Structure formats: structure tokens, C-alpha cells
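Have a look at the structure that comes next, please.
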Amino acid sequence: MKKLATLLAIVMVAVFSAGVIVAADAPEKATIKEVQKSKPPVTFNHKAHADRIGKCADCHHKDAAGKEQACFACHKAEKTGDAASQKDVMHAKCKGCHQKEAKGPTKCDDCHKK
């Protein structure tokens, strides 16, 4: 029984530290600029978000760990196939998280700074 508990503890540490290790390599800032039509691009502290969330797959949901791509690699200006538009994804994911956590910007000009 002790061996099973020890093995389980090792697996848990490996699983939870993997996100932190990958987050350590996260870029400091990210800018979403590919589909802007009337609003300025959105720049945010990517590293702070990666450190806080700890799991890159929460946002980079289809990418293998360490091979995360920019959002625009899948999410284009318009919905394509089963991939939602970048605007819809950002508003649902980012703004939705900020509203749920009652923390962070939720108004247009809070993200799209002039």
C-alpha cells in the first residue's frame, strides 16, 4: 500500500509541475492583432496568465505541450470548419474568464487600448 501511495504522489507531482515548467517558457507579452477591423489590437501579459492558469491547454487546447501556436493558427477572422472565429473565442474565453473570476478587463476599451 505504501508503494502505491508513493507512486501516486510521484505521478501527481509530475502532472502538476508539467504546466509550471512549460509556463516558465511562456512569452512575456502577447498581442492579438490578426483580425482587428475597427478596434486596436489587444496586448496582454501572457506570462502572468500562464503562471496563474498553470495549464497551457486551457487556452491552447489542441496543441501538444511545448508546441503551442498563436490563436490565429486555428481561429481565423471568420468561423472555419469547427473552429470558431478568433473574436468569438477571445470574447468567450478571455472576457468570460475575467467575468467569472471578477478580475480583469471586461469592457471593449479595457482590452482594445487606443
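The values are calculated or read from the model by the stated rules, or taken from the named source; none is laboratory data. What you are looking at is a predicted structure, and each value in this text was computed from that prediction instead of being measured. We place every Cβ from the backbone using ideal geometry, glycine too, and count neighbours over all the protein chains shown. The protein model used for the area step is the full one, side chains on, heavy atoms only, and it has no ligands, DNA or RNA in it. Shrake-Rupley method; radii C 1.70, N 1.55, O 1.52, S 1.80 Å.
Measure off, as a whole percent, the carbon and sulfur share of the 1.4 Å-probe accessible area of the stretch 28-114, all protein chains present.
56
What order do you get for 98-110, 40-52, 60-72 when each peptide is scored by the mean count of other beta carbon atoms within 10 Å, highest first?
Answer by packing, highest mean first, reads 40-52, 60-72, 98-110.
Turning to a different aspect of this structure: Expressed in nm to one decimal, what extension gain is obtained for the pair Lys100 and Lys39 from 0.36 nm per residue of sequence separation less their Cα-Cα distance?
Fully extending the segment from Lys100 to Lys39 adds 19.6 nm.
May I ask you to derive the relative contact order of the stretch 27-104, considering only C-alpha pairs under 8 Å and at least 6 residues apart, and to give it as an integer percent?
19
Next up: Taking a ≥ b ≥ c as the square roots of the Cα gyration tensor eigenvalues, with a/c under 1.5 meaning rounded and otherwise prolate when a/b beats b/c, else oblate, which class fits the stretch 62-102?
oblate
Follow-up question, since we're still on this one. Going through the cross-link list Lys79/Lys100; Lys37/Lys103; Lys37/Lys113; Lys39/Lys76, which pairs have a Cα-Cα distance over 22 Å in this structure?
Pairs exceeding 22 Å: Lys79/Lys100; Lys37/Lys103.
Oh, and also: Which whole-number value in Å² is the accessible area per residue of the stretch 15-114, probe 1.4 Å?
The answer is 72 Å² per residue.
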